1. Within the bounds of the stretch 31-40, is there any residue that is at pLDDT 95 or above, in contact with a helix residue (DSSP H, G or I) (Cβ under 7 Å, 6 or more places away or on another chain), more than 18 Å from Q446 (Cα to Cα) and of a type in the set (A, V, I, L, M)?
2. I need the full set of residues from the stretch 434-463 which are surrounded by fewer than 22 Cβ atoms within 10 Å (Cβ to Cβ), small (G, A, S) and either within 15 Å of the chain's Cα centre (by Cα) or part of a helix (DSSP H, G or I) (or both), in order please.
3. Considering only the stretch 110-138, state which residues are of a type in the set (K, R) and either under 20 Å from A163 (Cβ atoms) or touching a strand residue (DSSP E or B) at 6+ places or on another chain (Cβ under 7 Å) (or both).
4. For the subset of the stretch 266-322 comprising residues that are of a type in the set (G, A, S) and surrounded by fewer than 18 Cβ atoms within 10 Å (Cβ to Cβ), which member is farthest from R64 (Cα to Cα)?
5. If only one of G193, G271 is assigned to a loop (DSSP other than H, G, I, E, B) and farther than 24 Å from T98 by Cα, which one is it?
6. Of the conditions (1) closer than 30 Å to S280 by Cα; (2) assigned to a strand (DSSP E or B), V206 fails just one. Which one is it?
7. Based on this model, can you work out whether A265 counts as assigned by TED's automatic domain parsing to the domain that holds R290 and either touching a residue at least 12 places away in the same chain (Cβ under 8 Å) or assigned to a helix (DSSP H, G or I) (or both)?
8. Which one of these is in contact (Cβ under 8 Å) with a residue 24 or more places away in the chain, surrounded by 15 or more Cβ atoms within 10 Å (Cβ to Cβ) and over 30 Å from F78 (Cβ atoms): A195, A150, A160?
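The values are calculated or read from the model by the stated rules, or taken from the named source; none is laboratory data. A quick note: this is a predicted structure, and the numbers were derived from the prediction, not measured. In this analysis, Cβ positions are derived from the backbone assuming ideal geometry, glycine residues included, and neighbour counts consider all displayed protein chains.
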Amino acid sequence: MASRMPQDGLPIAVVGAGFSGTITALQLLGRIGTRSVLLCERAPTFARGAAYSTDQHVHLLNVRAANMSAFPDRPDDFVDWMKASQPLPEREIHETLTGTFVSRELYGRYLSSLVRDVLKGEEGALRLRIVPDEVVDLQPLADGYRLVLAGGREHKVAGAVLAVGNLLPANGGSGILIANPWSDPFAQDLVPGKAVAIMGSGLTMVDVVMRLWTSGFPGPVVALSRRGLLPQVHALTVPWPTPTLGQADRGSLTRMSRKIRAEVAAARQRGIGWQSVVDSLRPITSSLWRGLPEAEQKRFLRHLRPWWEVHRHRMAPPIGQQLSGLIRTGFLTIKAGRVLSIDPARRGARISYKPRRSSRAVVLQAQKVIDATGPAALKDLGDPLIRSLVERGLARLDRHGLGIDVTDRFEIIAGDGRRAGALWALGPVVRGVFWECTAVPDIRLQARALAVEVEAAVNGVAR
């Protein structure tokens, strides 16, 4: 059964106006009749989020431009927008043998244009209502919810969609310990020759390194992670059939991994790289994750997650080449080890860590320590809206505490295990349930499917 909502025309709220929220709002406008949509965002920019708000031209999309349309039924929308927007700065577009990769700032302009195009029309301007404030509470009413903003204003809504993206620490940290690299000008006032330490060696680390390099800082930079793994680089791929996995394979991480390795070996014999096999898993990744027993999911998070991340979420070739050059020249060093302690001092920090396969601790002195380990588990963030929903029993965390628990129709599950009613969530905040829901090609499918669910609820249709 779909959640049912009143027929009095109250708006639907979308909390978060990054990619997840923006595309959900646009999908909803085409499906919920004459109801309006409140698009709520606490950040100063709409339609961009942290990922696409950067003004650094060296921050490139990690997905080919041809796969970055905001709409699953209009696959060429982004490419067509680029053609219509010519001339574009050459430094923002990189043609490679594996495809075209563009700056994230350029993609942010594309997303902003989608919202502006809606607001240009009379109907769109009336129905898409921009709310530049943080949503701190959703209080249940007999016919919907009272949406409470940090500034004190309130809106009565029929239902709400949580599309908050990758929640980051509100407290960016001190001048030495940077908890949120997206909210701190960490590349300023650095002392040349004195190390900057980065915790993590994934895609966020890559962004931080590129920002340090373009700032003129001569290094050195040291990236430290448990395994010292770097994201792989995109390569030319060809279609590869999605592997056939039986029930026994789907229930065992060991069997599943063995089967995928066999597929990689078979592809290699035909001169095809592993990238094609990994990409072939995209249509079934979420179902594979959901089919694993809880114990197997926990094993994945403990042991295989880093390996999956560096192979599944890859770097654009120009960035991979640049990073290799920075490592070769000594600007960047990658170290593998377990951090034991970080002790900040007036002029820097003392990092004690145990190198991988070593029993002795090593000390690293750094003028700044930047956390680039990626999004934290939702249980560790204390977001006011999520905390309020959980405390009120309207939501619960997923079994791993990574995000919000939802049904397969994106309905938020209440504390008692039932659906909260007229509350939905999508995108990175539901990764504990669907796993692969952080990239544009995945989120745009979720947004379309969620809009269908909300439409059914608006019309009181049983599903």
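1. no
2. Passing the criteria: A439, A449, A456.
3. R116, R127, R129 - these are the residues of the stretch 110-138 that are of a type in the set (K, R) and either under 20 Å from A163 (Cβ atoms) or touching a strand residue (DSSP E or B) at 6+ places or on another chain (Cβ under 7 Å) (or both).
4. A295
5. So the residue among G193, G271 that is assigned to a loop (DSSP other than H, G, I, E, B) and farther than 24 Å from T98 by Cα is G193.
6. (2)
7. yes
8. Checking each option against the conditions leaves just A195.
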